[in-house]
Amino acid sequence: KSLRGLSIGSIAAELVFQIVIVLFLIEENSSIFVIGPSIIGLILQAWKLRKATGFTLIKGNHSFSFRFSMPRLQAEKNKLNQKNMKENGQTYDRVAIVYLSLLLIPGVIGFSIRGLIIQKYSGWYSWMIKSLTGCVYTLGFVLMTPQLYINYKVIRSF
């Protein structure tokens, strides 16, 4: 139940990546035995993000509205020793993602352009989904690195 060391950015990015993978599997006409577990993983990732952020959908008379709060995360955040984070004005999660993104974005763009020039696709949607899937596979470790960095800082602070 503790949210200490949780990387919300990583959870949100993983949700987007799961969506891209499911769309790719559907585009490739994969078996239901492959798509099914991916959809279950997508639902679980959405649930984790909802639990971490407190995001809820409220049904009104004829409309829907959203509520977004993170009271549990704020309580855990106040318990941590965050002197270094307050001095820098940034969370460890943002720092790690920003530096890795700046390092890897040129490679991801080059990968997509290379695919557009060299490979043949049935249409723009196919190119987009396959390029995004390649980006997901290429940047997969970007999700892992901020969480490792946060865990390292949390353990070091005790």
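Here's the yes/no breakdown for (1) at pLDDT 80 or above; (2) open to solvent by 90 Å² or more (accessible area, probe 1.4 Å); (3) in a helix (DSSP H, G or I):
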position	(1), (2), (3)
Glu87	no, yes, yes
Leu102	yes, yes, yes
Gly110	yes, no, yes
Leu116	yes, no, yes
Lys120	yes, yes, no
Ile129	yes, no, yes
Thr133	yes, no, yes
Leu143	no, no, yes
Val154	no, no, yes
Candidates Ile8, Ile26, Ile19, Ile39, filtered to the one that is modelled with pLDDT of 60 or more, of a type outside the set (Gly, Ala, Ser), out of contact with any Leu (no Cβ under 6 Å at 6 or more places or on another chain) and within 21 Å of Arg156 (Cα to Cα)
Ile8
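Only one residue in Asn81, Asn61 is at pLDDT 60 or above, more than 23 Å from Met144 (Cβ to Cβ) and either assigned to a loop (DSSP other than H, G, I, E, B) or under 16 Å from the mean Cα position of the chain (by Cα) (or both). Which one?
Working: Asn81 fails: at pLDDT 60 or above.
Just one listed residue meets the conditions, Asn61.
The values are calculated or read from the model by the stated rules, or taken from the named source; none is laboratory data. Please read these numbers as outputs of a predicted model, since none were measured by experiment. Every residue, glycine as well, gets a Cβ built from its backbone with ideal geometry; the counts of neighbours run over all protein chains shown. Surface areas here come from the heavy atoms of the whole protein model, side chains and all, with no ligands, DNA or RNA. Shrake-Rupley method; radii C 1.70, N 1.55, O 1.52, S 1.80 Å.
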